[in-house]
Ligand SMILES: Nc1ncnc2c1ncn2[C@@H]1O[C@H](COP(=O)(O)OP(=O)(O)OP(=O)(O)O)[C@@H](O)[C@H]1O
Ligand SMILES: [Mg+2]
């Protein structure tokens, strides 16, 4: 059964009283080294509330390190990240904002069913009762095209389906910001397209800011409102896809060659 378009998504109803606004992200002069490996150097970036921003960079340029700073999992040597105007290192941050991350590996719990994977955060945080959790799980799985797969185990899923479960799990948290780390890594071009469609769908349907880090130039141009090119630890260029297509920067041109 498909959710009627004009019917509020179940967690939008339950989210009453909590923030329903997408948040912006401001990164100021971020520096991070591991020993003598300077990974992020004086990185500045602003993400507008509600946009889907893609950070495009070659392998090893620091995309995952940057994402870890945005969710406060890694501490910068200097500089700061604010999400919704609160420093991510501030104690208050977790109480005020909900961020979700779709990890590079999907990171599902193999001993839990698809439904239990999606419900995990909601149960841990006792956000809803069991009946409501069932509704949220059903609806989020429907959004990603996996309706009725609650009882399937992760080992029975393809790589692309696992990524979609990871997206459903992120969505179930009713986050203001979703971060994706290489969402199409190891997927074939058809599945890349499907995951791209999920990201576009979320952008259209929900009040959410999305940051996607990838080296997949096709995905970048497919989903982005804006693309930021990361190279040698800094953002070297940022703009709408049509602007980047006309770029004269040699790194950006290298990416465009593979389109
Ligand atoms: N915990 C860590 N300790 C030491 N060095 C690290 C750590 N995490 C990352 N690095 C280094 O930081 C650099 C950037 O790594 P990162 O994982 O962010 O790259 P990436 O752009 O995500 O690459 P990929 O596209 O392959 O996922 C690499 O040189 C890596 O070795
Ligand atoms: Mg990475």
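Every residue, every condition in (1) in contact (Cβ under 8 Å) with a residue 24 or more places away in the chain; (2) closer than 23 Å to residue 212 by Cβ, yes or no:
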| residue | (1), (2) |
| --- | --- |
| 102 | yes, yes |
| 111 | no, no |
| 143 | yes, yes |
| 150 | yes, no |
| 155 | yes, no |
| 164 | yes, yes |
| 180 | yes, yes |
| 185 | yes, yes |
| 193 | yes, yes |
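Given (1) surrounded by fewer than 17 Cβ atoms within 10 Å (Cβ to Cβ); (2) within 17 Å of residue 25 (Cα to Cα); (3) within 16 Å of ligand 2 (Cβ to nearest atom), where does residue 96 come up short, assuming only one miss?
It fails just one condition, (3).
Quick one: in the range 143-154, of everything that is surrounded by 17 or more Cβ atoms within 10 Å (Cβ to Cβ) and modelled with pLDDT of 90 or more, which residue is nearest to residue 63 (Cα to Cα)?
154
Which residue, of 58, 63, 32, is in contact with a helix residue (DSSP H, G or I) (Cβ under 8 Å, 6 or more places away or on another chain) and either on the phi < 0 side of the Ramachandran plot or crowded, with 18+ Cβ neighbours inside 10 Å (or both)?
Only one candidate qualifies: 32.
Give the residue that is surrounded by the most Cβ atoms within 10 Å (Cβ to Cβ), with candidates limited to residues of the range 185-217 that are within 16 Å of ligand 2 (Cβ to nearest atom) and at pLDDT below 85.
Top of the filtered list is 187.
Take residue 170 and tell me if it is touching a strand residue (DSSP E or B) at 6+ places or on another chain (Cβ under 7 Å), at pLDDT 90 or above, part of a helix (DSSP H, G or I) and crowded, with 21+ Cβ neighbours inside 10 Å.
For residue 170, the condition - touching a strand residue (DSSP E or B) at 6+ places or on another chain (Cβ under 7 Å), at pLDDT 90 or above, part of a helix (DSSP H, G or I) and crowded, with 21+ Cβ neighbours inside 10 Å - is met.
Go through the range 41-60 and give me each residue that's in contact (Cβ under 8 Å) with a residue 40 or more places away in the chain, more than 15 Å from residue 212 (Cβ to Cβ) and within 13 Å of ligand 2 (Cβ to nearest atom).
Result: 58, 59.
If you scan the range 111-126, which residues turn out to be farther than 22 Å from residue 160 by Cβ and surrounded by 20 or more Cβ atoms within 10 Å (Cβ to Cβ)?
Residue satisfying the conditions is 122 alone.
Looking at the range 213-221, can you tell me whether even one residue there is within 15 Å of the chain's Cα centre (by Cα) and assigned to a helix (DSSP H, G or I)?
Yes, there is a match, as at least one residue in the range 213-221 is within 15 Å of the chain's Cα centre (by Cα) and assigned to a helix (DSSP H, G or I).
Limited to the range 74-89, what total is found for residues that are more than 13 Å from residue 31 (Cα to Cα) and in contact with a strand residue (DSSP E or B) (Cβ under 9 Å, 6 or more places away or on another chain)?
Qualifying residue count for the region: 7.
For the range 224-250, give me the residue count where each residue is in a loop (DSSP other than H, G, I, E, B) and either touching a residue at least 40 places away in the same chain (Cβ under 8 Å) or within 16 Å of ligand 1 (Cβ to nearest atom) (or both).
4
When only residues in the range 43-52 that are assigned to a strand (DSSP E or B) and away from ligand 1 (no atom under 16 Å from the Cβ) count, which is farthest from the chain's Cα centre (by Cα)?
Step by step, filter the range 43-52, then rank; the result is 44.
Do we find that residue 157 is more than 16 Å from ligand 2 (Cβ to nearest atom), more than 12 Å from the chain's Cα centre (by Cα) and surrounded by 19 or more Cβ atoms within 10 Å (Cβ to Cβ) in this structure?
no
The values are calculated or read from the model by the stated rules, or taken from the named source; none is laboratory data. What you see is a predicted model, and the numbers here were worked out from it, not measured in a lab. Glycine gets a Cβ as well: all are built from the backbone with ideal geometry, and neighbour counts include every protein chain shown.
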